Amino acid sequence: MTKIILKTDCGHSPKREFLKNFNVAFGKGNVAFLTDNVTEDVIWNMVGNKIIDGKDDYSKAINKMKEKKISEYVIEKIVTHGKEGAVNGIVKMEDGKNYAFSDFYEFKNTKSTDLKSITSYVIKI
């Protein structure tokens, strides 16, 4: 089971709370939550790796990533403003590899929590 560590307080910000829940879902491999909360035309840019275009390809990529077991998922910071947000932290894998990540999110609009785009930076540490 994945251990989730949250080092930030989401306070009374619905979008920060959503991004916390979205990242917890990623850490736990909750594919349904991850795919239910993106737009049909979502773009996921994994910088230096690949670009996922559309909800179907996004769902396939998430399902494939689920095969890699995470032992610990640390959320360091969550920031939101208007229709944008960012999360950074550390992912510790069961195979002993560790990664630092920063994800930048664009919401569908200022009132929605549906994600229109995700840009991910991942560095092996």
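Every read-out reported here was derived from the displayed coordinates using simple, explicitly stated rules and does not represent laboratory data. Everything numeric in this text was worked out from a predicted model, so none of it was measured. Note: ideal-geometry Cβ built from the backbone for every residue, glycine included; neighbour counts use all protein chains shown.
Summary table below
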item: Among N88, F22, T113 - extreme Cα towards positive end, dipole of the stretch 3-124, charges at beta-carbon; result: N88
item: Inter-label distance, nm, simple model (7 Å from Cα along the C-beta direction), H12/I51; result: 4.0 nm
item: Neighbour-count ranking [beta-carbon atoms within 10 angstrom, fewest first] of E40, E106; result: E40, E106
item: Net dipole in debye of the chain [+1 Lys, Arg Cβ; -1 Asp, Glu Cβ; about Cα centre; nearest 20]; result: 300 debye
item: Pair N21, K124: separation of 7 Å Cα→Cβ label points (nm); result: 3.5 nm
item: Cα-projected label distance for D41 with A61, points at 7 Å along beta-carbon direction, nm; result: 1.7 nm
item: Helical mean residue ellipticity (222 nm; -39500 (n - 2.57) per DSSP H run of 4+; nearest 500) of the chain; result: -7500 deg cm²/dmol
